[in-house]
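The values are calculated or read from the model by the stated rules, or taken from the named source; none is laboratory data. A quick note: this is a predicted structure, and the numbers were derived from the prediction, not measured. Neighbour counts are summed over all protein chains in view; Cβ atoms, including those assigned to glycine, are modelled from backbone coordinates with ideal geometry. SASA here: full protein model, heavy atoms, side chains in, ligands and nucleic acids out. Shrake-Rupley method; radii C 1.70, N 1.55, O 1.52, S 1.80 Å.
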Amino acid sequence: MNLTELNRIATAMVAPGKGILAADESSGTIKKRFDAIGVESTEGNRRDYREMLFRSTEAMSQYISGVILYDETIWQDAADGTPLVSLIEQSGAIPGIKVDEGTQALPMCPGELVTAGLDKLAERLKKYYERGARFAKWRAVIDIGSGIPSMTAISVNAHALARYAALCQAAQIVPIVEPEVLMDGDHDIDRCYEVTQRVLNKTFQELRVQRVALEGMVLKPNMAISGKKCTKQASVEDVAEKTIRLLKACVPAAVPGIAFLSGGQSDEEATAHLNAMHKLGPLPWGLTFSYGRALQAAPQKAWSGKAENVAAGQRAFSHRARMNGLASKGEWQSSLEKKAA
């Protein structure tokens, strides 16, 4: 393992003013997104959509540090025969790959899940590296509800995340470690804080046990935030203050960077929260975004599967990427959103 090189890539992934595009939606998820805009989810349409994003010169070269791809996408070529991975590299961004195989029910733990995909992961990582992937992503899902999460679910998922991370580093690939505490419930921000703290502490304990070099990874956590169904939604300032306090308590300074998931927040909410956190600096690690829906909802709508809308889709993507790039330096203002509109 060349830790110097892993650290260089991890640091580039969280460079100031840039963040990660999560374009790794599973076939089922992208079908839902396409259904919403009236586009059939064929392999060709999925390819055309992602090619549109990766050819967005301004967004990709100025605001996107890396792109997480789905297995189908990493092997696809653009309409002119150029591998999509090459389009990403040409823009100056780093190609990455989602390697988990989704979730399955956790035995003896009703309502809780564990992520699958460790079998044969070492062989898959070799092939992804040869194709150009320099980082990977694995998502663990922790739900908050009545009597959950159990310590079993937290432990099992932390163990799997650490095993995945160790396999990645052995394959010279930077692991994005993503323990996501879902915001679907009716819990308040303090309950989210408490559960996320348990999850992060257990995850870093497992990473150390399995000898993962913290200098060669990126953390992708949720923010400390109220559940969607909670009657009292925490303010932007409250989310920022509690999230930073939580991360400072749990995340060692050796980690080069933290790239947040948007986790179901609206486009502007995710941007405002990230921006507010940067007002609380200086911070011991790079702090940026790794957004999927919060970067893509606007371009998907503008594109709507029509070739004549490609430029409009790229403009919408560039705007959202720029807004988040500014937020990752604490330079975003809501008035900038109005100007674009």
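Assorted remarks:
- With all projection directions averaged, the alpha carbon convex hull of segment 43-111 covers 6.1 nm².
- When the trypsin sites (Lys or Arg not before Pro) in segment 224-292 are filtered for DSSP coil states and for at most 13 other beta-carbon atoms within 10 Å of their beta-carbon, the remaining sites are K229, K232, K279.
- Spread of Cα-to-Cα distances over 10 Å intervals beginning at zero, given as percent, for segment 15-67: 23, 46, 27, 4
- In segment 61-178, Rg over Rh equals 1.06, where Rg is the alpha-carbon radius of gyration and Rh the Kirkwood radius from pairwise Cα distances.
- Summed over the residues of the chain and divided among them, the accessible surface reaches 40 Å² per residue at a probe radius of 1.4 Å.
- Heavy-atom accessible surface of the chain: percent carbon and sulfur, 1.4 Å: 50 percent
- Taking the Cα atoms of segment 134-292, the ratio Rg/Rh between the radius of gyration and the Kirkwood radius comes to 0.95.
- Restricting segment 5-87 to GluC sites (Glu not before Pro) in coil, as DSSP defines it, with at most 15 other Cβ within 10 Å: E40
- Computed on segment 214-297, the Cα convex hull volume stands at 87 Å³ per residue.
- Pairs of Cα atoms farther than 18 Å apart, segment 194-256, %: 41 percent
- Helical contribution to [θ] at 222 nm, DSSP H n ≥ 4, -39,500 (n - 2.57), averaged over the chain, rounded to 500: -15000 deg cm²/dmol
- Compactness of the chain was expressed as the Cα radius of gyration divided by 2.2 N^0.38 Å, which yields 0.93.
- Checking every one of the trypsin sites (Lys or Arg not before Pro) in segment 118-189 against DSSP loop status and a limit of 11 other Cβ atoms within 10 Å picks out K120.
- Centre separation in Å (Cα based) which lies between segment 98-159 and segment 278-314: 25 Å
- For D48, solvent-accessible area (1.4 Å; no DNA, RNA or ligand), Å²: 60 Å²
- Accessible surface, 1.4 Å probe, highest first, among residues D186, D77, D24: D186, D77, D24
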